[in-house]
Amino acid sequence: MKRITIGMIALTLTLGVTSCKEGKETEKMNDVMEHTDDSSHDHGKHTERHDHTNHEDSTLMIGKEVIVTMSAKSGSDVNGVIEFMQTEEGVTMNADLAGLTAGTHAIHIHQNGDCSSDDGKSAGGHWDPTSEDHGKWGEGMFHSGDIGNLEVGADGKATLEFTTDKWCIDCDDETRNIVGKGIIVHASADDFKSQPSGAAGARVACGVIE
Ligand SMILES: [Cu+2]
Ligand SMILES: [Zn+2]
């Protein structure tokens, strides 16, 4: 009996996840929820909250992952990978880089998914879908690509984990979709003030989010 119950819960969860991806399924689910609301007030409250989440994130692909291989630019030896994962909370970025000079290095998402030039300038300026000024993430105005700085030790390595709901992987909202953009690591630190890009110097690594 217990097993059957667990099985049914698992099935319900699976259906719930499917409806996150499909707008039509969400509509169907709304109908069911209205009905549930009539029959049981408490249960109705519970499902209402789920409905809200489903509606907002109807195009999010939970679990979708993009792995970006960074290429060295401007004569550097920088290498590594940056992984992006869509979760219900937003996108989590995990950067794992090596070959950097010790010190502070800016890292940003730039507007073009194009690393063809040797200086990385083919990636264009900072990704700024909401027309803000350059700045520090979470403080006043900042670009959606203004991740910040990496701290690099004597071994030339750096890791950074970063999560935000200002991004999505391949959703319908172009102010949040990071696919098709570039990611750049700079020779110097971002000062979080200078316009339009924080005076972070040469581009020492470039990757395409695709
Ligand atoms: Cu940059
Ligand atoms: Zn910026």
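The values are calculated or read from the model by the stated rules, or taken from the named source; none is laboratory data. What you see is a predicted model; the values in this text were computed from it and never measured. Heads up, the Cβs are rebuilt from the backbone with ideal geometry, glycines too, and the neighbour counts pull from every protein chain shown.
Quick check on His126: is it within 16 Å of the chain's Cα centre (by Cα) and surrounded by 18 or more Cβ atoms within 10 Å (Cβ to Cβ)? Here the answer is yes, as His126 does meet what is asked. When Asp190, Asp133 are screened for being out of contact with any Cys (no Cβ under 9 Å at 6 or more places or on another chain) and loosely packed, with under 15 Cβ neighbours inside 10 Å, only Asp133 passes. Only residues that are farther than 18 Å from Asp119 by Cβ and out of contact with any strand residue (DSSP E or B) (no Cβ under 8 Å at 6 or more places or on another chain) were counted in the stretch 181-210, giving 4. Taking the criterion of being buried (at least 22 other Cβ atoms within 10 Å of the Cβ) and away from ligand 2 (no atom under 13 Å from the Cβ), would at least one residue in the stretch 140-155 satisfy it? Scanning the stretch 140-155, I find no residue that is buried (at least 22 other Cβ atoms within 10 Å of the Cβ) and away from ligand 2 (no atom under 13 Å from the Cβ), so the answer is no. Give the number of residues within the stretch 135-151 that are within 16 Å of ligand 1 (Cβ to nearest atom) and farther than 10 Å from Gly182 by Cβ. Total meeting the criteria: 11.
Whenever a residue of the stretch 79-103 is within 20 Å of Ala187 (Cα to Cα) and assigned by TED's automatic domain parsing to the domain that holds Thr164, its partners that are among the acidic types (Asp, Glu) and modelled with pLDDT of 95 or more, lying with C-beta atoms within less than 6 angstrom and at least six residues away or across chains, give the pairs Gly80/Asp96; Val81/Asp96; Asn94/Glu83; Asn94/Glu161; Gly99/Asp77. The set of residues in the stretch 71-108 that are aliphatic (A, V, I, L, M) and closer than 24 Å to Gly135 by Cα comprises Ile82, Val91, Met93, Ala95, Leu97, Leu100, Ala102, Ala106, Ile107. Can you find a residue in the stretch 127-134 that is more than 10 Å from ligand 1 (Cβ to nearest atom) and touching a strand residue (DSSP E or B) at 6+ places or on another chain (Cβ under 7 Å)? No.
If a residue counts only when it is within 16 Å of ligand 1 (Cβ to nearest atom) and of a type in the set (Phe, Trp, Tyr), which strands (runs of 3 or more DSSP E) contained entirely in the stretch 157-210 have at least 1 such residues? The qualifying strands (runs of 3 or more DSSP E) are 158-164.
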